[in-house]
4 protein chains.
Amino acid sequence: MGFHGTLRPGLIQLRVLDLDKTLDFYKNILGLDEVGRTNDGRVMLKAYDEFDHHSVVLRKTNEAGLDFVAFKVDSPEKLEDLKQKTEKFGYKVSEASDDQPGFGKRYVYTICTGHQFQIYYDVELAKKTPQIKNPDIWTEPPRGMRATRLDHFLLFGPGIAEAERYCKEVFDMYVPEVCNTPDGKRLAAWITSSNKPHDLAFVEYPKPGKLHHVGFYLQTWEDVLNAADHIAINKLKLDIGPTRHAITRGLSIYFWEPSGNRIETYCAGYTAYPDNPQRVWDADQLGKGLFYFSGEVIPSFLEVVS
Amino acid sequence: MGFHGTLRPGLIQLRVLDLDKTLDFYKNILGLDEVGRTNDGRVMLKAYDEFDHHSVVLRKTNEAGLDFVAFKVDSPEKLEDLKQKTEKFGYKVSEASDDQPGFGKRYVYTICTGHQFQIYYDVELAKKTPQIKNPDIWTEPPRGMRATRLDHFLLFGPGIAEAERYCKEVFDMYVPEVCNTPDGKRLAAWITSSNKPHDLAFVEYPKPGKLHHVGFYLQTWEDVLNAADHIAINKLKLDIGPTRHAITRGLSIYFWEPSGNRIETYCAGYTAYPDNPQRVWDADQLGKGLFYFSGEVIPSFLEVVS
Amino acid sequence: MGFHGTLRPGLIQLRVLDLDKTLDFYKNILGLDEVGRTNDGRVMLKAYDEFDHHSVVLRKTNEAGLDFVAFKVDSPEKLEDLKQKTEKFGYKVSEASDDQPGFGKRYVYTICTGHQFQIYYDVELAKKTPQIKNPDIWTEPPRGMRATRLDHFLLFGPGIAEAERYCKEVFDMYVPEVCNTPDGKRLAAWITSSNKPHDLAFVEYPKPGKLHHVGFYLQTWEDVLNAADHIAINKLKLDIGPTRHAITRGLSIYFWEPSGNRIETYCAGYTAYPDNPQRVWDADQLGKGLFYFSGEVIPSFLEVVS
Amino acid sequence: MGFHGTLRPGLIQLRVLDLDKTLDFYKNILGLDEVGRTNDGRVMLKAYDEFDHHSVVLRKTNEAGLDFVAFKVDSPEKLEDLKQKTEKFGYKVSEASDDQPGFGKRYVYTICTGHQFQIYYDVELAKKTPQIKNPDIWTEPPRGMRATRLDHFLLFGPGIAEAERYCKEVFDMYVPEVCNTPDGKRLAAWITSSNKPHDLAFVEYPKPGKLHHVGFYLQTWEDVLNAADHIAINKLKLDIGPTRHAITRGLSIYFWEPSGNRIETYCAGYTAYPDNPQRVWDADQLGKGLFYFSGEVIPSFLEVVS
């Protein structure tokens, strides 16, 4: 029932520098709830409108960035199927062995761009989920930036044409938008398994395994404004926004959390369908595609990753 | 690539009384574009943000209501597959023979609730679609209520438990929310093939084939306000709203177009996933579920259909 | 510097039944801050965006309603001037003797409609005001319904034509909108001292001294939605809304606080100017004027007062 | 009745280069209505929500910028009173002799900053005003950026301390916010006659008579987004935004119209009162004050004027 391949990106583990200060951001400014801690001190968090055990893990270390992203599938059979297809595609798959409370079997592998992917089916419901019996729309007022859920990520690395092919062939995703260089090579791709205009995106980049940003979903343009006010009051470092992407049509603001991982708080975007024609961007129009109002790419956006 | 069964409800044909006045509503107030007319004088329309040839057809006759709803699938093989599954489910399927410009083969059948369903794969792109090459977000400013696309319908008829089962078993849809009577019978079901909280919904009702409303998608709560202002200025008959449904969490306003078909202009709603727990409503909480702020069902909402 | 007569309605004292439950509403749902208590146990409150000591007082007694409304003027000379003009107009003025911490001299009198008015100049700044040195837009996130300030009140009582004349002649206010009966008598008047479309309003009513509602200002239509969500979740009794008034063009929701005083949370409205033509409503169009989308007055709105 | 001194800035005359192209912007993108032309070919415009004959005049010449700004007062007596006070203040006043259809007597003079001011009382109502008898909120849907009215201007020139004193002493305005240099000199002042946080503002600048921007009022943050979309689609040159000013708390976007005059489309802002404490900015915090989210002034903002 539902989607062909993966359901969605459901879990991300981030490396952070100052755990207390960064956790304070994710909890009290972004508005996530702390779910608990792993035996080795990683912090599990989730957004108020998510059902699963947790969706974000913070691991304290000496370099910011991404440990892994994990995609949920809708059956144990699908999990095994994707494992086999991944191996056939050419990636070496093993079973994840780190402590991830609430989660069952996870397969782990590294794709061509240097990013670690995981896939899983089995995860417990969180203790604090949205109501399901005659439900209210929330049980306590959303806090801070009012992030509703983990939405997507943008990954920078080499060989994204292969990564895109992987997402299509193995994850059965589709690609609502792409950006090509003048010689016809893929510069960027926005990829999704559902109606969301992207579950993840790739930009071609020489260094492997880089994280450009993690996107959290807000409900409205007014919530983007509220996020911006929180950025100002908490003296977070703004990258750009509030603005609109012509790509995805999302409304967005980018900034860095205290450890230097770029965060996007994002809303809107069109309703994507796999039968709609793919939108295609020329590299020299990427400024318009990314920052619709100025039409110009700011240098930090293409240069700073974690 | 994409969704298991149907992609979405992609076409609806409505019966209208005063074609000129009703067409004026759909074009100049709701904001659809007229695509053309069939040989027998039916009017084809589409929303500015849709790609396919047309999504709404108005047929002049002496009683308002619904001729049929048609669902798009993503391959010719899927079309034949759904045809066979539908026949196996017990509905007699034939090929549609009416003039529907831009559309290829369509299968047609009547489900237990008395509603005519169609399924199709083949449809041309409209001449006036959203841009796909370095696209702007629109090419001319959205008009009137700024409806972006056909979103869903609510159908009233007998035997909805079977209809729900049909949508799950044949269309491979899932059911994010249901409402049950005290004796455990289905009173209503909200059903979807994607992330939208509903593509269609059913309410148990003694008379077959009734249309409660057609829902068009707006971008924001502010656009719901704009729709309300247009209702007031054009002296359309309001049913209820602006309000929120707790069911789907949608923000909505209901009113009647000049022929007496109820229209919903709708936005927001949660991001649905098939692995999330089903939300369950008790019949005595339906007031809260439908009209969250007052908690009370207005009589017209359950009594007036076309 | 500034306005001719009164600056604004700056203080209101309400009678409440269940002080704890009602206070919980004003603090935790409406979002006011408790400033302190008077010697006789009345509770002082203010909105986060107000500068003066307090703007709302709750007095526990056995009947809900309005004790008084008080208007601020911009100089001691103006205060004495208005006192004299009020006496000349025909109302007996005395000095207020109740304990009102933070406030200096207040004159008190009852106007023809049976409402107690007060005027004052001298009031201390609150301890917790908006910042004024390189200010942020707030110091802690607005809470609950996020009421920014006391905005206006609607008073029901007999002889409103005289009350309107009083506001114009003594308070030097103007009257952006009126509603007249077919025989040309004043049914309602919206009156202001500034750019706000109303600081107060009157509706002709046989019983004296009645309060229809107190209006608190919200920032946006989205905040009206947020207020509505809080009404639903906290099971407050809704009167009507979210809706628009054609009169003032305000966006609004009405409900009752736990003691039975009607509250309006309100935003938008046009920018009023005294040189703009007065808007005039016929009594039979009052439905459109009050509830623009349905065009119909709900009975409770004209019948229930406190 | 109403305000002490001036009512508001009611008329502005701008110099433009390419009249046709610039007029197309003001009419079809900003959304003003063309009222007519003067004998010498200047074009008169007004916003849909304004009552007076016109509020914007475009004069074709070879340099962009400001011809004059004109303030309305509420009586002929006030006009003569302000004329005398202006002369006493030290500015030479004459009667305006240019063709300004719909307007009666206007006094004209140049203030210390090199800007031409005018004052007037007598102006006809426009033919196409907002309705006043059982009014709808508009008679035709607002167009393009949906500017509702002329709001304010920011003037750059030398000697702004005197200009501020003029506005206080003669126009009886007040000054909700100021920005001072470390040596205590005025760098900028925001000045108003009403509840709006500014009717005009000054920034100290060596060259006289310069226009930084003209501000038009939009209804909401969503309309700021709509304005931004129009900027993108019409390839207007963006300066900055959408953003928030901490000063005034306005939500804003700045861009240049085709002749090079900077336009602000603006909404929100606090409700100003003359008795509220003045907000004071240090020059080194001006970045935060102007562009709250980044906290940094972009160079063009302080350098480019017309």
Next item on the list: Please give the number of the condition C:ASN234 fails out of (1) more than 20 Å from the chain's Cα centre (by Cα); (2) more than 9 Å from every other protein chain (Cβ to nearest Cβ); (3) open to solvent by less than 10 Å² (accessible area, probe 1.4 Å).
Entry: (3)
Check: If you take the residues in region C:232-263 that are polar (S, T, N, Q) and in contact with a Leu (Cβ under 7 Å, 6 or more places away or on another chain), which one is farthest from C:VAL214 (Cα to Cα)?
Finding: C:SER259
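Identify all residues within region A:66-83 that are farther than 24 Å from A:LEU154 by Cα and in contact (Cβ under 8 Å) with a residue 12 or more places away in the chain; write none if there are none. Before the answer, list the steps.
Filtering region A:66-83 down to residues farther than 24 Å from A:LEU154 by Cα leaves A:75-78, A:80-81.
Correct list: A:SER75, A:PRO76, A:LYS78.
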Item checked: Restricting region C:287-301 to residues that are in contact with a helix residue (DSSP H, G or I) (Cβ under 9 Å, 6 or more places away or on another chain) and open to solvent by less than 40 Å² (accessible area, probe 1.4 Å), the residue that is modelled with the lowest pLDDT -> C:PHE301
Notebook entry, point to check: Across region B:243-255, what is the total count of residues that are part of a strand (DSSP E or B) and either open to solvent by 20 Å² or more (accessible area, probe 1.4 Å) or not β-branched (Val, Ile, Thr) (or both)?
Noted result: 6
Margin query: Just the residues that are among the aliphatic types (A, V, I, L, M) and not in a helix (DSSP H, G or I), please, taken from region C:271-303.
Written below: C:ALA272, C:VAL280, C:VAL297, C:ILE298
Margin query: Just the residues that are under 19 Å from A:PRO274 (Cα atoms), over 21 Å from the mean Cα position of the chain (by Cα) and open to solvent by 30 Å² or more (accessible area, probe 1.4 Å), please, taken from region B:129-149.
Written below: B:GLN131, B:ILE132, B:LYS133
Margin query: Which condition from (1) more than 14 Å from chain B (Cβ to nearest Cβ); (2) among the small types (Gly, Ala, Ser); (3) open to solvent by less than 20 Å² (accessible area, probe 1.4 Å) is the one that A:ALA161 breaks?
Written below: (3)
Checklist line | Among residues of region C:256-270, those that are in a strand (DSSP E or B) and open to solvent by 30 Å² or more (accessible area, probe 1.4 Å), counted | finding: 2
Margin query: For the list (1) touching a Leu at 6+ places or on another chain (Cβ under 8 Å); (2) more than 22 Å from D:LEU32 (Cα to Cα); (3) buried (at least 22 other Cβ atoms within 10 Å of the Cβ); (4) within 14 Å of chain C (Cβ to nearest Cβ), I need the number of the one condition that D:PRO274 fails.
Written below: (3)
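Take A:ALA126 and tell me if it is within 14 Å of chain B (Cβ to nearest Cβ), in contact (Cβ under 8 Å) with a residue 40 or more places away in the chain and closer than 26 Å to A:LEU218 by Cβ. If you could, list the steps in order and put the result at the bottom.
Numbers: within 14 Å of chain B (Cβ to nearest Cβ): yes; in contact (Cβ under 8 Å) with a residue 40 or more places away in the chain: yes; closer than 26 Å to A:LEU218 by Cβ: yes.
Taking the combined requirement at face value, the residue satisfies it.
Yes/no matrix, rows are residues, columns are (1) open to solvent by less than 10 Å² (accessible area, probe 1.4 Å); (2) assigned by TED's automatic domain parsing to the domain that holds D:LYS168; (3) not β-branched (Val, Ile, Thr):
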{"position": "D:LYS185", "(1), (2), (3)": "no, yes, yes"}
{"position": "D:LEU200", "(1), (2), (3)": "yes, yes, yes"}
{"position": "D:PRO208", "(1), (2), (3)": "no, yes, yes"}
{"position": "D:GLY215", "(1), (2), (3)": "yes, yes, yes"}
{"position": "D:LEU218", "(1), (2), (3)": "yes, yes, yes"}
{"position": "D:VAL224", "(1), (2), (3)": "yes, yes, no"}
{"position": "D:GLY241", "(1), (2), (3)": "no, yes, yes"}
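Looking at C:TYR121, C:TYR91 in this structure, which one is aromatic (Phe, Trp, Tyr), under 24 Å from C:HIS212 (Cα atoms) and either crowded, with 18+ Cβ neighbours inside 10 Å or not assigned by TED's automatic domain parsing to the domain that holds C:ALA227 (or both)?
Values: C:TYR121 fails: under 24 Å from C:HIS212 (Cα atoms).
Among C:TYR121, C:TYR91, only C:TYR91 is aromatic (Phe, Trp, Tyr), under 24 Å from C:HIS212 (Cα atoms) and either crowded, with 18+ Cβ neighbours inside 10 Å or not assigned by TED's automatic domain parsing to the domain that holds C:ALA227 (or both).
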Check: Just one of the numbered conditions (1) more than 28 Å from A:PRO274 (Cα to Cα); (2) surrounded by 19 or more Cβ atoms within 10 Å (Cβ to Cβ) is not true of B:VAL43; which one?
Finding: (1)
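Could you please find all residues in region A:218-240 being assigned to a strand (DSSP E or B) and touching a helix residue (DSSP H, G or I) at 6+ places or on another chain (Cβ under 7 Å)? Spell out how you get there, then give the answer.
Going residue by residue through region A:218-240, those that are assigned to a strand (DSSP E or B) are A:237-240.
Answer for region A:218-240, where residues must be assigned to a strand (DSSP E or B) and touching a helix residue (DSSP H, G or I) at 6+ places or on another chain (Cβ under 7 Å): A:LEU238, A:ASP239, A:ILE240.
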Next item on the list: Tell me which of these C:THR86 doesn't satisfy, since it passes every other one: (1) assigned by TED's automatic domain parsing to the domain that holds C:ASN39; (2) without any contact (Cβ under 8 Å) to a residue 24 or more places away in the chain.
Entry: (2)
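Taking strands (runs of 3 or more DSSP E) that do not extend beyond region B:11-110, which have at least 1 residues that are among the hydroxyl-bearing types (Ser, Thr, Tyr) and modelled with pLDDT of 95 or more? Give the steps one after another, and end with the answer.
Details: elements: B:33-37, B:43-46, B:56-60, B:65-73, B:106-110.
Filter on region B:11-110 gives B:106-110.
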Next item on the list: Select from region A:95-114 the residues that are open to solvent by 40 Å² or more (accessible area, probe 1.4 Å) and under 22 Å from A:HIS53 (Cβ atoms) and list them in ascending order.
Entry: A:GLU95, A:SER97, A:ASP98, A:ASP99, A:LYS105
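The values are calculated or read from the model by the stated rules, or taken from the named source; none is laboratory data. Fair warning: this is a prediction, and the values are worked out from it, not measured in the lab. For neighbour counting, all protein chains shown are included, and Cβ atoms are generated from backbone atoms with ideal geometry for every residue, glycine included. To get the accessible areas, we keep the full protein, side chains included, count just its heavy atoms, and leave off ligands, DNA and RNA. Shrake-Rupley method; radii C 1.70, N 1.55, O 1.52, S 1.80 Å.
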